[in-house]
1. Please give the contour-minus-distance gain from E130 to N158: 0.36 nm per residue of separation, less the Cα-Cα distance, rounded to one decimal in nm.
2. Place +1 on the Cβ of every Lys and Arg and -1 on the Cβ of every Asp and Glu in region 20-74, take the dipole about the Cα centre, and give the residue among Q39, L52, F74 whose Cα lies farthest towards its positive end.
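Only the coordinates and a few stated rules stand behind these numbers; no lab work does. On a predicted model such as this, the values are computed, not experimentally measured, just so you know. All Cβ positions, glycine included, derive from the backbone under ideal geometry; neighbour counts span all protein chains shown.
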Amino acid sequence: MAVEQDRRISEVVERERARLANFIRRRVGDPRDVEDVLQDVFYELVQANRLLMPIDHVTAWLFRVARNRITDLFRRKAPERFSDSAIPVADDELLSVEDWLPSPDAGPDALYARSVLLEELELAIAELPEEQRQVFVAHELEGRSFKDLAAATGVSVNTLLSRKRYAVLHLRARLRDAYDDFTNA
C-alpha cells in the first residue's frame with residue numbers, strides 16, 4: 001500500500017514538475033525562489049499524502065498550493081543588508097559602509113578583515129530590539145532627522161533619541177570584541 005502511494009506521488013511529480021515550474025517561473029523573478037517554491041509544493045503533496053488528506057484533483061491542488069506559496073513569498077519582507085546602506089555626505093554623493101572598510105584590493109588580510117567586520121556589524125544591528133534598530137538605521141544610515149522620524153511614527157523626539165542612545169551603547173559593547181581582535185592581531 002505504501003509503495004503504491006509512493007509510486008503515485010512520484011508519477012505526479014514527474015508529470016507536473018515542468019508545468020508547475022513554468023507556472024512559478026512566470027510569477028517569480030529569482031530562479032532560486034522558483035526552485036524553493038516548487039520544492040515547497042511537492043513537500044505539501046507528500047505531507048497531504050502522509051496525513052491521508054483526500055485530494056480530488058491533484059493538478060488543481062498543486063497549482064493552488066503554488067499560488068499560495070508565491071503569495072507567501074511576496075509577503076515576506078526581504079531583509080535589508082547593512083552593507084547595502086548609504087548616507088548622504090555632500091552634494092549628490094553617498095558614502096556607503098563599503099567606503100569605511102578596508103579595501104578589498106589591499107590583499108587577503110584586508111579582505112578577511114572587511115568580511116568579518118561587515119558580518120559582525122550586521123549581526124550586532126540585527127540583535128537590537130526592533131524599535132532601537134529602526135531609529136538607528138533611519139537616522140544613521142538613511143540620514144533622516146529625528147523631527148521627520150517623530151512626525152512619521154508619532155513617537156516623541158526624546159524617546160527616539162533615547163532609543164538611538166541605547167542602540168549605540170549596545171553596538172559599542174557588542175563590536176568591542178571584534179575591534180580588540182583586529183587591533184591585537
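1. 8.4 nm
2. F74
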